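The values are calculated or read from the model by the stated rules, or taken from the named source; none is laboratory data. These numbers come from a predicted model, not from an experiment. All Cβ positions, glycine included, derive from the backbone under ideal geometry; neighbour counts span all protein chains shown. Side chains are part of the model used for accessible areas, which takes the heavy atoms of the whole protein and leaves out ligands, DNA and RNA. Shrake-Rupley method; radii C 1.70, N 1.55, O 1.52, S 1.80 Å.
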Amino acid sequence: DARTKLRHILALGPLYPRPVQITAAMCASACASVVFFGGGWAELITSGVLSLMVAFMGIYSATRRFSRVYEFVAAFFVGMFAMIVDKWIAKICLLPTVIAGVLNMLAGITLTLAVVELLTGNSNSGTSRLTAGVLVTAMVGFGLELGIQAGSKITGLPQDFATGTCDAAFDERWFFLLFPLMVLGFLLTINPHWTQLLHMVVIATCGYGVSYATPKLGQSASNIISAFVVGIVSNLYSRWSDNTAMTGVVAGLLVLVPGSLALRSVLGLFETDAVQGLQVGVAVLVVAVSLGLGLFLATLVLLPSHASR
């Protein structure tokens, strides 16, 4: 039955060797520090090294009880080592660096899919996903907060997420190289078949390109339009190839989901500015709902297969 087939699929293990997945995670975080957060060379290198540490911890936690606190412990060391780097190695933008360093642990896509399931009436799975996403994000945020505190004690630097400057940001022309590398890195960590990589990168690029070009329309409108484009292109691919549209949708959501926003909300709650943290938390839900609405509209306009309406 279906459960037996799922067990068989899970037993197959990852499609790509472990060194490939570790390198992909490092590349994704390093490029994200530039593309998403406007970092420079110092942020790119530091976030890449920090994500490498997170990846090795993830491997260690896979078969041990450490997995229960993996997100917290990994985030703790990311926060602490980022402070040490800022003090003795190179001045960095702390917040972009640590968020990029833990980006592969964030549950942005889980939060978005949870809202989509809730909107479609799947309350059980939606509630489970939402709860899991919130708890993982909270553990990461709590670990980063304590790691920053420990790093502050060690280095004597103020415990301030604004530490450092991003004056040495990359020219935006670099994005044409860094963005595909970032998307490819994220995709390799979720194990799509190599034959699916090209269309997934293309669809993710379409979604992010629309989001990048439409900020003047407002955040919600930009998110709806971006998700709509992701849905339409994914459905067109599904009709052309007779394959599922979900692979394209997942790729598109990976670069649009509000994982970093959710983490900023948690960090705000742990800091003194709880009001701002709550405001960002509401913004996370607004982004997730707007992305879900864009996907729904795309399905209304064009079904992902030749099935009748």
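Miscellaneous remarks
- Among 198-210, 223-235, the order from most to least packed when residues are scored by Cβ within 10 Å on average: 223-235, 198-210
- Anisotropy class assigned to the stretch 1-102 is prolate, per the alpha carbon gyration tensor with a/c at or over the 1.5 cut-off and a/b larger than b/c.
- Each of the peptides 29-39, 183-193, 290-300, 123-133 was scored by the mean count of other Cβ atoms within 10 Å over its residues; in descending order, highest first, they stand as 29-39, 290-300, 183-193, 123-133.
- Computed with a 1.4 Å probe over protein heavy atoms only, the accessible surface of the stretch 177-230 comes to 47 Å² per residue.
- Under 26 Å from residue 91, Cα to Cα: lysines that are on another chain or at least 8 residues apart: 153
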